[in-house]
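Enquirer: Can you keep this structure in mind? I'll have questions shortly.
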Amino acid sequence: MTTRLPDHYAALGVSDGASAAEIRAAYLAAARRCHPDKTAGGGAASADASSSAEFQQIQLAWEVLSDERARTEFDAARAAASAAASAAAVKREAAIADEIDADDMALVEASGAGSVDHLSHACRCGGAYTLPLAGLKGGARHLVECSSCSLRVRITVPADWDAS
Ligand SMILES: [Zn+2]
């Protein structure tokens, strides 16, 4: 799922709404600019490896975009990839609701059986994120889930954290 789709429009420097004529003109201009036969002259072969790779991209872009059916398929794949990317971004966003510094959390002292001293931070749902105080190390980061909803926060313990 992480296969990166080549961007044929970018390769030709046209927008995704470009007409067939615009694509053809862009292809001809790009091909003239970096065709291997043209740039490989004078024996400076090494300098042309990148323009040759670029030419291949341009050639491939042209083959896809000049073919109506291939272009339609490419557009669909591109739209799907972009939707997947933004869905993944939203998911990443939702995964961590907040970044909290341990210094900014409230210290809650043990109050009953089985309870331990811990740091607490209120969640917007009314629940709380809690982190046991024992064993906290300076510089550590903890991913903590809310006690009553599915939100999570990342708690950063300051490097100079003093457990006492
Ligand atoms: Zn919550």
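The values are calculated or read from the model by the stated rules, or taken from the named source; none is laboratory data. Remember, predicted model here, so these are calculated numbers, not experimental data. With ideal geometry, Cβ positions are generated from the backbone for all residues, glycine too; neighbour counts draw on all protein chains shown. The accessibility values were calculated without ligands, DNA or RNA, using every heavy atom of the protein model including side chains. Shrake-Rupley method; radii C 1.70, N 1.55, O 1.52, S 1.80 Å.
Enquirer: Could you work out how much longer the chain between residue 25 and residue 159 gets when fully extended? Use 0.36 nm per residue separation minus the Cα distance between them, nm to one decimal.
Expert: Values: separation 134, 0.36 × 134 = 48.24 nm, distance 5.84 nm.
So the extension gain works out to 42.4 nm.
Enquirer: Please get the size of the charge dipole for region 96-156, origin at its Cα centre, with Cβ charges of +1 on Lys and Arg and -1 on Asp and Glu, quoted in debye to the nearest 20.
Expert: Value, rounded to 20: 220 debye.
Enquirer: Something else: Among the GluC sites (Glu not before Pro) in region 69-164, which ones are in a DSSP loop with at most 12 other Cβ atoms within 10 Å of the Cβ? Mind listing them?
Expert: Answer in residue order: 109.
Enquirer: Send over a whole-number figure in Å² for the accessible area per residue of the chain, probe 1.4 Å. Mind dumping the intermediate values first?
Expert: On the way: 10670 Å² over 164 residues.
Counting only protein heavy atoms, the per-residue value for the chain is 65 Å².
Enquirer: Given labels modelled 7 Å from the Cα in the Cβ direction, how far is it in nm from residue 122 to residue 76?
Expert: 5.2
Enquirer: Hey, how many Å between the Cα centroid of region 126-164 and the Cα centroid of region 68-119?
Expert: So the separation of the two Cα centres works out to 17 Å.
Enquirer: Now for a different question. Enumerate the helices in the chain for which the Kyte-Doolittle hydropathy averages -0.5 or more and the C-alpha atoms extend at least 27 Å along the helix's axis, using complete DSSP H runs.
Expert: Answer set is 68-95.
Enquirer: A further question on this structure: Rank by packing, highest mean first: peptides 111-119, 150-158, with packing defined as the count of other Cβ atoms within 10 Å averaged across residues.
Expert: The most tightly packed comes first, giving 150-158, 111-119.
Enquirer: How would you classify the chain from its alpha-carbon gyration tensor, with a ≥ b ≥ c the square roots of the eigenvalues: rounded for a/c under 1.5, else prolate if a/b is greater than b/c, otherwise oblate?
Expert: It comes out prolate by the Cα gyration axes.
Enquirer: Also: Hey, any idea what % of the chain's accessible area is carbon plus sulfur with a 1.4 Å probe? All intermediate terms of the calculation are to be shown ahead of the outcome.
Expert: Numbers: 5680 of 10670 Å².
After summing per-atom areas, the C and S share lands at 53 percent.
Enquirer: Out of the DSSP beta bridges found with both residues in the chain, what percent are antiparallel (nearest 5)?
Expert: 75
Enquirer: Sort region 96-156 into rounded, prolate or oblate with this rule: let a ≥ b ≥ c be the square roots of the eigenvalues of the Cα gyration tensor; rounded if a/c is under 1.5, and if a/c is not under 1.5, prolate when a/b is larger than b/c, oblate otherwise. Let's see the in-between values first.
Expert: Values: a/c = 1.92, a/b = 1.13, b/c = 1.70.
Judged from the Cα gyration tensor, region 96-156 comes out oblate (a/c at least 1.5, b/c at or above a/b).
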